[in-house]
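Beneath this line is the structure, given in structure tokens, with notes to follow.
The values are calculated or read from the model by the stated rules, or taken from the named source; none is laboratory data. Nothing here was measured: the structure is a model prediction, and the numbers come from that model. We place every Cβ from the backbone using ideal geometry, glycine too, and count neighbours over all the protein chains shown. What goes into the accessible areas is simple: the full protein's heavy atoms, side chains included, and nothing from ligands, DNA or RNA. Shrake-Rupley method; radii C 1.70, N 1.55, O 1.52, S 1.80 Å.
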Amino acid sequence: MIKHRMKIAVASDHAGFPLKARMIEEIKKMGHEPLDLGTNSTDPVDYPDYARAVAEALRTGRVERAVLICGSGAGACVAANKFRGIRAATCHDTFSAHQGVEDDGMNVLCLGARVIGPELASELLRTYLNAKCSNLDRHRRRVEKVERFEEEFGAEARVERLTPR
């Protein structure tokens, strides 16, 4: 039995849609409350829109953690990490799924539906949701440095674009 019931946002693009239902089912089985932020079919959509929905739910306090699913897990992760306060990681192994929370304060688990199967995804979700932040000084210090990067560079930081404007 869980000690603390959490509200968990779940969102996906079209590639992640089939896995999203399984993740919602697992969240409920664990005694947590899922918040389904879409998409609701396999019709093509853009993963950044769902990363934004997850980020807004976390930033406003509607949820405590989130799961974001796309084909590889990479694109959704990149998009989610553009928002202040979001610490997303693509995890395809259990060590990363708990270590990311314990040491790095990860609040968004990104999964690649075309990379891993539903059984592994369920195991990763359980591992992620059961993990707790360690609050050890060395980990807090490192996360605070990342937060200072957000303050210093914020949304205005630019790197070489994929396609020139």
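Report, ordered by chain and residue number, the lysines lying within cross-link reach of K145, taken as a straight Cα distance under 23 Å and ignoring same-chain residues fewer than 8 apart.
K82, K132
Between region 64-134 and region 6-50, how far is it from one alpha carbon centroid to the other, in angstrom?
Taking the Cα centre of region 6-50 as reference, the centre of region 64-134 is 13 Å away.
Take the solvent-accessible surface of the protein heavy atoms, probe 1.4 Å, and return the percent of it on the chain that carbon and sulfur atoms account for.
Taking all protein chains in place, the chain shows 50 percent carbon and sulfur surface.
With all protein chains present, calculate the accessible area of F95 using a 1.4 Å probe and round the result to the nearest 10 Å².
About 120 Å², ignoring ligands and nucleic acids.
If I take every Cα pair under 8 Å that is 6 or more residues apart in the chain, average their sequence separation and divide by the length, what percent do I get for the relative contact order?
21
For the chain, set up a Gaussian network in which alpha carbons nearer than 10 Å are linked by springs, and say which option among S12, S134, S96 fluctuates the most.
Residue with maximal mean-square fluctuation among S12, S134, S96: S134.
Assigning unit charges at the beta carbon (Lys, Arg +1; Asp, Glu -1) and nothing else, what dipole magnitude in debye, to the nearest 20, does the chain show about its Cα centre?
That gives a dipole near 320 debye.
Specify whether the C-alpha gyration tensor of region 1-75 places it in the rounded, prolate or oblate class, a ≥ b ≥ c being the square roots of the eigenvalues: rounded for a/c under 1.5, otherwise prolate if a/b is larger than b/c and oblate if not.
Note, shape of region 1-75 comes out oblate.
Given an 8 Å cut-off on Cα distances and at least 6 residues of separation, report the relative contact order of region 7-69 as a percent.
51
At 222 nm, what value in deg cm²/dmol follows for the chain if DSSP H runs of at least 4 each add -39500 (n - 2.57) and the sum is divided by all its residues, to the nearest 500?
After summing the helix terms and dividing by the residues of the chain, the value is -14000 deg cm²/dmol.
So which trypsin sites (Lys or Arg not before Pro) in region 55-100 are both in a DSSP loop and have at most 16 other Cβ atoms within 10 Å of their Cβ?
Taking region 55-100 and a limit of 16 other Cβ atoms within 10 Å, the loop trypsin sites (Lys or Arg not before Pro) found are R62, K82, R84.
Compute all pairwise cysteine Cβ distances in the chain, then list the cysteines with no distance under 4.7 Å to another cysteine.
If one checks each Cβ against the other cysteines of the chain, C70, C91, C133 turn up with nothing under 4.7 Å.
I need the per residue convex hull volume for region 27-131, using only the alpha carbons, in cubic angstrom as a whole number.
95
Heavy-atom accessible area per residue, the chain, 1.4 Å probe: how many Å²?
Dividing the accessible area of the chain by its residue count gives 57 Å².
For region 83-91, take each phi angle, set θ = phi - 60°, evaluate the Karplus expression 6.51 cos²θ - 1.76 cosθ + 1.60, and give the result in whole Hz per residue in order, putting x for glycine and proline.
9, 4, x, 9, 10, 9, 9, 7, 10
Subtracting the Cα-Cα distance from 0.36 nm times the residue separation, let me have the gained length for E102 to E123 in nm, one decimal.
Computed gain between E102 and E123 is 5.9 nm.
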